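What follows is a short report on a single structure.
The values are calculated or read from the model by the stated rules, or taken from the named source; none is laboratory data. Quick caveat, the model's predicted, so the values are computed rather than measured. So basically every Cβ, Gly included, is an ideal-geometry build from the backbone, and we count neighbours across all protein chains shown. We work out accessible area using only protein heavy atoms, side chains counted, and drop any ligands, DNA or RNA first. Shrake-Rupley method; radii C 1.70, N 1.55, O 1.52, S 1.80 Å.
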Amino acid sequence: MPLHKYAPKMWDALKLKQGIYARLPKHYLKSLEQKEPTPVHWKPLGVEYRRNPKTGHKERVQDVPIPIYFPPQSQDGLWGGEGWISGFRYANNDKLSTRLRKTWKPQVFKRELYSEILDHKFTIEVTARTLDLIDAAYGFDFYILKTPKEDLNSKLGMDLKRAMLLRLAHKDKELYPDDPVKREKVYNKYKQHFEIPEEEAEWIGLNLEEAVEKQRQLEHKEPEPLFKVCVDNLVEELHIQKLLEPHLTEKK
């Protein structure tokens, strides 16, 4: 497909319609669709017009989201949708002075978070908002499983979600091997809302490069040695020849 005929913004979408990209599972291709994350650093009004309280005139409302930069280290932690915001500030808080460029960064600290499904403690970089979201979801596992991809915005978070969903799909007996009652209790707690087929769970959280490599491995077929093909053909021919030979029986 000649890409020069289309706008550069359409190249990524067109690339998914040909070659190995088009053979990726449909549920994975659907997960690549861009969705708007939940606003964190700004509050949308949700209306197109509002009335000015002073003049009483109808005014147009512009909901303009604040551009947020997510540094690479945010993919190795759980920042709860927070990122870096670039802007300006006035020197000495004087609006008549020169504006100075400033970057606001969230406060990040390390905390130990325990997963019931994986039965493991993880030391992860989080923000205060992440801890509030975990409390609101009633647990770390619920937070990871409930939060959509665009709100997690973390490679680590999506990898944890894939590991949890695979364990729920497998019903792995390595979880609490000495306590089968607790293992069954944990599975029943989460499987009702989050259990999905293993074929779908193993694609959760993969980026496009990882998904293409996985598809390539699934389609890869080891070449069969020529001598093995010849031996199989010879055995089949001998078997057919033996069946065609007349079978003599002795009379008693």
> Using the alpha-carbon atoms, what tilt in degrees (0 to 90, nearest 10) does helix 226-244 show relative to the longest principal axis of the chain?
Replying inline: 40
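Treating the beta-carbon of each Lys and Arg as +1 and of each Asp and Glu as -1, no other charges, what is the dipole magnitude of region 60-149 about its Cα centre, to the nearest 20 debye?
720
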> Ranked highest first by average number of other Cβ atoms within 10 Å, how do 230-237, 67-74 line up?
Replying inline: 67-74, 230-237
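Can you figure out the FRET efficiency of Asp151 with Lys173, using R₀ = 30 Å and their beta-carbon distance, to the nearest 0.05?
Plugging the Cβ-Cβ distance into 1/(1 + (r/R0)^6) gives 0.35.
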>> Give me the extension gain from Asn233 to Lys58: residue separation times 0.36 nm, minus the current Cα-Cα distance, reported in nm with one decimal.
In response: 54.5 nm
> Is the shape of region 136-189 rounded, prolate or oblate, going by the alpha carbon gyration tensor and its root eigenvalues a ≥ b ≥ c, with a/c under 1.5 for rounded and a/b larger than b/c for prolate?
Replying inline: prolate
> What size of dipole, in debye to the nearest 20, comes out for the chain about its Cα centre when the only charges are +1 on Lys and Arg C-beta atoms and -1 on Asp and Glu C-beta atoms?
Replying inline: 1660
>> Along the Cα→Cβ direction, 7 angstrom out, place labels at Arg23 and Glu222. What is the inter-label distance in nm?
In response: 1.9
> Using θ = phi - 60° and the Karplus form 6.51 cos²θ - 1.76 cosθ + 1.60, what ³J(HN,Hα) does each residue of region 88-94 get, whole Hz, x for Gly and Pro?
Replying inline: 10, 9, 8, 5, 6, 6, 10
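What Kirkwood hydrodynamic radius, in Å, does region 1-75 give when the mean of 1/r is taken over all pairs of distinct Cα atoms and then inverted? If you can, show how the numbers build up before the last one.
Values: mean 1/r = 0.0586 Å⁻¹.
Taking the inverse mean of 1/r over all distinct Cα pairs, region 1-75 comes out at 17.1 Å.
D for region 135-252, whole µm²/s, Stokes-Einstein with Kirkwood Rh over alpha-carbon pairs at 25 °C and 0.890 mPa s: what number? All intermediate terms of the calculation are to be shown ahead of the outcome.
Working: Rh = 19.2 Å.
In µm²/s, the coefficient rounds to 127.
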> For region 93-131, list residues with backbone N below 14 Å from a point placed 7 Å from the Cα of Tyr69 toward its Cβ?
Replying inline: 101-106
> Hey, of [x] 41.0; [y] 21.5; [z] 24.1, which did the structure itself give for Kirkwood radius over Cα pairs in Å when calculated?
Replying inline: [z]
>> Taking the 0 to 90 degree range and rounding to the nearest ten, how far is the long axis of helix 208-219 tilted relative to the main principal axis of the chain, both from C-alpha atoms?
In response: 10
> For the peptides 77-90, 25-38, 164-177, what is the packing order when you average, over each peptide's residues, the other Cβ atoms within 10 Å and list the highest mean first?
Replying inline: 77-90, 164-177, 25-38
> If you take every DSSP beta bridge whose two residues both sit in region 52-205, what share of them, in percent to the nearest 5, is antiparallel?
Replying inline: 95
> Once the whole set of protein chains is in place, how much accessible area is left on Asp179, using a 1.4 Å probe, in Å² to the nearest 10?
Replying inline: 60
>> If each DSSP helix of 4+ residues adds -39,500 (n - 2.57) and the sum is divided by the residues in the chain, what number results at 222 nm, nearest 500 deg cm²/dmol?
In response: -11500 deg cm²/dmol
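Sorted by average packing, counted as other Cβ atoms within 10 angstrom per residue and highest first, what order do 9-18, 220-229 take?
For the peptides 9-18, 220-229, the packing ranking is 9-18, 220-229.
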